[in-house]
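Peer 1: I have a structure here, written as structure tokens, and I will follow up with some questions on it.
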Amino acid sequence: MLAKRIIPCLDVDNGRVVKGVRFVDIRDAGDPVEIARRYDQEGADELTFLDITASHENRDTMVHVVEQVAGEVFIPLTVGGGIRKLDDIRRMLNAGADKVSINTAAVFEPEFVKAAAERFGSQCIVVAIDAKCVGTDPLRWEIFTHGGRKPTGLDAIEWAQRMVDYGAGEILLTSMDRDGTRIGFDLAVTRAISEAVPVPIIASGGVGNLQHLADGVLEGKADAVLAASIFHFAEYTVREAKEFMAARGIEVRL
Amino acid sequence: MSTVAVIDYGMGNLHSIAKALQHADPSVIVTVTADRETILQADRVVFPGVGAIRDCMAALQRLRLDAVIREAAAEKPLLGICLGMQALLDSSEENGGTPCLGLIPGRVVRFAESTGNASYSQQELKVPHMGWNRVHPLHAHPVWDGLGRDRWFYFVHSYYAQPTDPRCIAATTDYPEPFASAVAKGNMIAVQFHPEKSQADGLRLLANFLRWQPEP
């Protein structure tokens, strides 16, 4: 049966991994290639690179990072951040990325997702959704942009369905209420969207321990779980996460 | 010095495959090419592919590579990957029915989106079949050397091959029912998964392919 995936996420600023990585035996804690190699050895199922570079000129650096990683690490690579034009996607795929994650551009220009899926295939188009809870009775989530500051009026479930209709091959769902809190995924929104669309859902935002990862799959019905800090700070290895999930009856690649 | 040609017909990024082949065997000369002579002169051929089958077949015909693949498959080891596997069958139901190369009898069909099968965690079947799944070889083949009965490989696809002759099925994978995740016939071995994205076991399979000498 298909394994549930664990995806470490690396935030890259101008070619360097930020938010610190505390592997004891790593020479350079900011080197994306070295960190990617380490996660690969630990058994990561995929890697996601989030380009948080502010200036446009530095975006070329990300292409080189992807090229270097793809030459050494033979697992699927996703690149997000600043993907706004078909040419951005072409460059990342040519550099060795397998998928790109589209976030803000999808909100401002939904047709971009359609054009991207038609040109490159749904298999490489991930749409990233930043959702925030805006009502509890009934539960309702809305799409936010600008790091969770700007509401868009778009209902998160309807938006996810529309993005899949437009050709998204996967949904990367981040709860803006939980992102950075380390109190666990928003399981309700994860489950609601997972049950509403036929494509895989990657849960993101809020992971603080291994139980949170297992909950994302068992209760949130996520197909994959993404986490940054618990792996970056070497609190847990990817292998420990997988062993924990396997012990709870979740099929993982070990 | 052994050579391998990766057929480039504009369907997907081939750098990953070229890099993985080179990593699997640093002594082999890897060429990504659409040139007929280069393909026919290579010791081995890799036929990859990502995207829709109609575009794939149209590109092969436009570049006159369909005949080259037939000729190569008759003479030397050929590895089909993903869409490159599906294209070896007679036809695919994708894009309203698309004739393919007809090198392996059978057709390509889509996963049923919802099976209603309670054994599959009572969840609907997600399509595409995306992620890591186990591959079970059905009989000995040199490409499986050193790989056990149920290793993990990375898949991304919505359609799968149904060979007419069960002897052509080289391996199966469960989603949720068993489907042909690898097919083999003569010089041809083809896999639905992506060995170039399947970590150490994927590289092992590629290295095995680069060593494989089919019996005449």
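The values are calculated or read from the model by the stated rules, or taken from the named source; none is laboratory data. Predicted model, so just to flag it, every value in this text is computed and none were measured. Reconstructed Cβ throughout: ideal geometry from the backbone, glycine too, with neighbour counts over all protein chains shown. Remember, those area values only see protein heavy atoms, side chains included, never the ligands or the DNA or RNA. Shrake-Rupley method; radii C 1.70, N 1.55, O 1.52, S 1.80 Å.
Peer 1: Could you check segment A:162-193 and list, in sequence order, the residues that are of a type outside the set (Val, Ile, Thr), crowded, with 24+ Cβ neighbours inside 10 Å and closer than 20 Å to residue A:100 by Cα?
Peer 2: A:163, A:168, A:170, A:172, A:173, A:175
Peer 1: Return the residues of segment A:47-58 that are of a type outside the set (Asp, Glu) and surrounded by fewer than 17 Cβ atoms within 10 Å (Cβ to Cβ); say none if nothing qualifies.
Peer 2: A:52, A:54, A:55, A:56, A:58
Peer 1: Scan segment B:19-48 residue by residue and report those that are in contact with a strand residue (DSSP E or B) (Cβ under 7 Å, 6 or more places away or on another chain), open to solvent by less than 20 Å² (accessible area, probe 1.4 Å) and within 14 Å of another protein chain (Cβ to nearest Cβ).
Peer 2: Those that are in contact with a strand residue (DSSP E or B) (Cβ under 7 Å, 6 or more places away or on another chain), open to solvent by less than 20 Å² (accessible area, probe 1.4 Å) and within 14 Å of another protein chain (Cβ to nearest Cβ): B:21, B:48.
Peer 1: Could you list all residues from segment B:130-188 that are touching a strand residue (DSSP E or B) at 6+ places or on another chain (Cβ under 7 Å), part of a strand (DSSP E or B) and away from chain A (no Cβ under 14 Å)?
Peer 2: Passing the criteria: B:137, B:161, B:162, B:163, B:169, B:170, B:171, B:180, B:182, B:183, B:184, B:188.
Peer 1: Please go through segment A:86-100 and give me each residue that is within 24 Å of residue A:130 (Cβ to Cβ) and open to solvent by less than 10 Å² (accessible area, probe 1.4 Å), ordered by number.
Peer 2: Passing the criteria: A:89, A:97, A:99, A:100.
Peer 1: Going residue by residue through segment A:146-158, is there one that turns out to be of a type in the set (A, V, I, L, M, F, W, C), in a helix (DSSP H, G or I) and surrounded by 20 or more Cβ atoms within 10 Å (Cβ to Cβ)?
Peer 2: Yes: segment A:146-158 contains one or more residues that are of a type in the set (A, V, I, L, M, F, W, C), in a helix (DSSP H, G or I) and surrounded by 20 or more Cβ atoms within 10 Å (Cβ to Cβ).
Peer 1: Let me spell it out: the conditions are (1) touching a residue at least 24 places away in the same chain (Cβ under 8 Å); (2) more than 23 Å from residue A:99 (Cβ to Cβ); (3) away from chain B (no Cβ under 14 Å), and residue A:243 meets all of them except one. Which number is the exception?
Peer 2: (1)
Peer 1: A follow-up question, please. Every residue in segment B:1-18 that is away from chain A (no Cβ under 13 Å), touching an Asp or Glu at 6+ places or on another chain (Cβ under 7 Å) and crowded, with 16+ Cβ neighbours inside 10 Å, please.
Peer 2: Passing the criteria: only B:4.
Peer 1: Output yes when any residue across segment A:118-128 is in a loop (DSSP other than H, G, I, E, B) and surrounded by 18 or more Cβ atoms within 10 Å (Cβ to Cβ), and no when none is. Explain how you work it out, then say what you get.
Peer 2: Kept after step one, since they are in a loop (DSSP other than H, G, I, E, B), are these residues of segment A:118-128: A:121.
If we keep only those that are surrounded by 18 or more Cβ atoms within 10 Å (Cβ to Cβ) too, we end up with A:121.
Within segment A:118-128 (the criterion being in a loop (DSSP other than H, G, I, E, B) and surrounded by 18 or more Cβ atoms within 10 Å (Cβ to Cβ)), the answer is yes, since at least one residue qualifies.
Peer 1: Can you pull out the residues in segment A:213-236 that are open to solvent by 10 Å² or more (accessible area, probe 1.4 Å) and modelled with pLDDT of 95 or more?
Peer 2: So in segment A:213-236, the residues open to solvent by 10 Å² or more (accessible area, probe 1.4 Å) come out as A:215, A:217-219, A:221, A:223, A:226, A:228-229, A:233-236.
Of everything in segment A:213-236, those that are open to solvent by 10 Å² or more (accessible area, probe 1.4 Å) and modelled with pLDDT of 95 or more turn out to be A:215, A:217, A:218, A:219, A:221, A:223, A:226.
Peer 1: Would it be correct to say that residue A:131 is under 23 Å from residue A:49 (Cβ atoms), modelled with pLDDT of 95 or more and surrounded by 21 or more Cβ atoms within 10 Å (Cβ to Cβ)?
Peer 2: It is true that residue A:131 is under 23 Å from residue A:49 (Cβ atoms), modelled with pLDDT of 95 or more and surrounded by 21 or more Cβ atoms within 10 Å (Cβ to Cβ).
Peer 1: Here is a follow-up. Determine whether residue A:202 is within 13 Å of chain B (Cβ to nearest Cβ), crowded, with 24+ Cβ neighbours inside 10 Å and within 30 Å of residue B:111 (Cα to Cα). Spell out the reasoning first.
Peer 2: Values: within 13 Å of chain B (Cβ to nearest Cβ): yes; crowded, with 24+ Cβ neighbours inside 10 Å: yes; within 30 Å of residue B:111 (Cα to Cα): yes.
Here the answer is yes, as residue A:202 does meet what is asked.
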